[in-house]
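Q: I have a structure I would like to understand better, so I am pasting it below and will then ask my questions one at a time.
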Amino acid sequence: TVDAVRGVSLNGSGGGQLFVTDFSTLGINGGIVAEGLYLDTVVFDSDPADPDFSGDTVIGGTLSVGSGADPVDTFGIVLNNVSGDLSFTDLDIFTTNGVGLRCTSGAVFDPANGAGFRLTTPAGSTVSAVGGPAVDLNQVTTNLTFDDISSTNSATVGLQLVQTNGSFFAGATSQIVNPTSGGVNLSGGNVSFTYNGTINNT
């Protein structure tokens, strides 16, 4: 769905399975839409006929949601109750009133058995959020490398990883400013975590 309120919306929670096999041609301009990208209960799998996720990574390509000069009005990307394997070559998110990147999955990533979710971004990626956390992950396996993340005046935390496995890196220009409930929340999981930025919390 593409409309004046939400840039892209897919919802597979009504039953059956909704597969995303390619994700490499999207771009969402800020100012045109109030919300960025929302996907609920979808499977990222380049070969739906194959029951596992091994070797079936969905290529996300280069995705920009808003821009520094023209961010989206509320959340950037929300992936709710997703599974599969999604890998971007570059990911840039800019939002003015909500979370930058939120992702949840219902199981630990187990590609051989078609369970859980893995998300990958390389160096060069950016997330900027005002009024919400820059990144909020729950039960996701990650290989995330951000040059820069920022969260300003979040209504909750600045950065949150719950039951997250894999690796997370944010570069030296990253900043978390005045979150309501603390700068960083790490809970459970097994993640190699590096945050080289600053946290300023009054």
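The values are calculated or read from the model by the stated rules, or taken from the named source; none is laboratory data. Please read all numbers here as calculations on a predicted model, not as lab measurements. With ideal geometry, Cβ positions are generated from the backbone for all residues, glycine too; neighbour counts draw on all protein chains shown. All accessible areas refer to the heavy atoms of the entire protein, side chains included, with ligands and DNA or RNA removed. Shrake-Rupley method; radii C 1.70, N 1.55, O 1.52, S 1.80 Å.
Q: Against the definition (open to solvent by less than 10 Å² (accessible area, probe 1.4 Å), in contact with a Leu (Cβ under 9 Å, 6 or more places away or on another chain) and β-branched (Val, Ile, Thr)), how does Thr121 come out, yes or no?
A: Taking the combined requirement at face value, the residue satisfies it.
Q: Ok, one more. Looking at the structure I just gave you, is Thr126 open to solvent by 10 Å² or more (accessible area, probe 1.4 Å) and either of a type in the set (D, E, K, R) or more than 19 Å from Leu37 (Cα to Cα) (or both)?
A: no
Q: Something else: Go through (1) within 21 Å of Gly60 (Cβ to Cβ); (2) without any contact (Cβ under 8 Å) to a residue 40 or more places away in the chain; (3) not small (Gly, Ala, Ser) one by one and return the number of the condition Val184 breaks.
A: It is condition (1) that Val184 fails.
Q: Here is a further query. Mind telling me which of the residues Thr89, Thr62 ends up being touching a Pro at 6+ places or on another chain (Cβ under 8 Å), assigned to a strand (DSSP E or B), hydroxyl-bearing (Ser, Thr, Tyr) and open to solvent by 30 Å² or more (accessible area, probe 1.4 Å)?
A: Checking each option against the conditions leaves just Thr89.
Q: Residue by residue through segment 165-182, note down the ones that are closer than 14 Å to Asp136 by Cβ, more than 16 Å from the chain's Cα centre (by Cα) and open to solvent by less than 10 Å² (accessible area, probe 1.4 Å).
A: Ile176, Pro179
Q: Here is a further query. Among the residues that make up segment 145-156, is at least one of them open to solvent by less than 50 Å² (accessible area, probe 1.4 Å), of a type in the set (Phe, Trp, Tyr) and at pLDDT 95 or above?
A: Yes, there is a match, as at least one residue in segment 145-156 is open to solvent by less than 50 Å² (accessible area, probe 1.4 Å), of a type in the set (Phe, Trp, Tyr) and at pLDDT 95 or above.
Q: Are any of the residues in segment 97-108 in a strand (DSSP E or B), open to solvent by less than 10 Å² (accessible area, probe 1.4 Å) and either in contact with a helix residue (DSSP H, G or I) (Cβ under 8 Å, 6 or more places away or on another chain) or farther than 24 Å from Thr180 by Cα (or both)?
A: No.
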